[in-house]
Amino acid sequence: MLEKYFPNLIQYYDEFMQAINETTQMMLVSGTLIIVLGLIIGVIITVTKPKGILENKILYRITDALTNLTWSIPFMILYMMLYPFVSSLLKQNALRVPGAFIPLIIGGVPFFIRQVESALSEVDPGLIEAAQSMGTSNFHIITRVYLKESIPALARGASITLVVLFGLTTIAGTFGPGGLGIFVKRYGYDRNMLDILYVSVIIIIAFVSLIQGVGAYIAKKTTH
């Protein structure tokens, strides 16, 4: 029965599983670093902006300008710009999954930075003023007020960012690292193997739904 309805998928099953594994690696490594770096830089931009609790015009302008500059470059062009650096750094691994990490991180961090900035801006200024009036340190204001109060928005922003990252892995795959997106294009679209196309679409929908579901669950549980 499987051979009847999914002949091509069975024939290229090993490559199919390898493509899923490659996409998973890109998502886990790049996604984790994007969330961590984006959160740190997003907090820095928020607290150093004019009238922020740690106002610093020079640091704010530098981080904000670099974020805008990186964000404005289309990912495919960004990947081509970074490829010589990645090749010299990784040598033989530049055309494998590790070669996609740096471009994906640099391409995804600015997006999450803006998500973090938007989430933190929703925190009630009255809470920050109250914390300052009680002599709370800036570090505790950041961790116990800014971050704690914005967890639902941060969870939603992180899920959106990871869904966008999933799309970027498809573009990255065209440069050699592989992944599910380029596998679907190579066999499902270019060779018109519809069984591979449909099964892959189901896997992609499940993957994206899982990301969105986790983000929505965290947001719901932390909303008060």
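Given DSSP loops and a limit of at most 15 other Cβ atoms within 10 Å, what is the longest stretch of the chain that contains no such GluC sites (Glu not before Pro)? Don't skip to the answer; put the middle values down first.
Values: sites that count: Glu55, Glu122.
No qualifying site falls inside 123-224, the longest such stretch.
Towards the positive end of the charge dipole of the stretch 1-69, with charges on Cβ (+1 Lys, Arg; -1 Asp, Glu), say which of Ile53, Leu39, Leu69 has the farthest Cα.
Working it through, the farthest residue towards the positive pole turns out to be Ile53.
Can you tell me which aspartates and glutamates have their Cα less than 17 Å from the Cα of Lys220? Leave out same-chain residues fewer than eight positions away.
Glu122, Glu149
For Lys185, go through the aspartates and glutamates and keep the ones whose alpha-carbon is under 17 Å away, minus same-chain ones fewer than eight residues off.
Asp14, Glu15, Glu22, Asp195
Can you list the lysines whose alpha carbon sits under 29 Å from that of Lys221, skipping same-chain ones fewer than 8 residues off?
Lys148
Report, in whole Å, the centroid distance computed from the Cα atoms of the stretch 108-173 and the stretch 6-62.
What the calculation gives is 14 Å, centre to centre.
What is the magnitude of the charge dipole of the chain about its Cα centre, with +1 placed on the Cβ of each Lys and Arg, -1 on the Cβ of each Asp and Glu, and no other charges, expressed in debye to the nearest 20? Don't skip to the end; give the middle numbers.
Values: 16 positive and 13 negative charges, 46 e Å.
Roughly 220 debye for the chain.
In whole percent, how big is the carbon plus sulfur part of the accessible area of the chain, probe 1.4 Å, protein atoms only?
Carbon plus sulfur share of accessible area: 66 percent.
The values are calculated or read from the model by the stated rules, or taken from the named source; none is laboratory data. Predicted, not measured: the structure shown is a model, and the values here were computed from it. Note that each Cβ is placed from the backbone with ideal geometry, even for glycine, and that neighbours are counted across all protein chains shown. Surface areas here come from the heavy atoms of the whole protein model, side chains and all, with no ligands, DNA or RNA. Shrake-Rupley method; radii C 1.70, N 1.55, O 1.52, S 1.80 Å.
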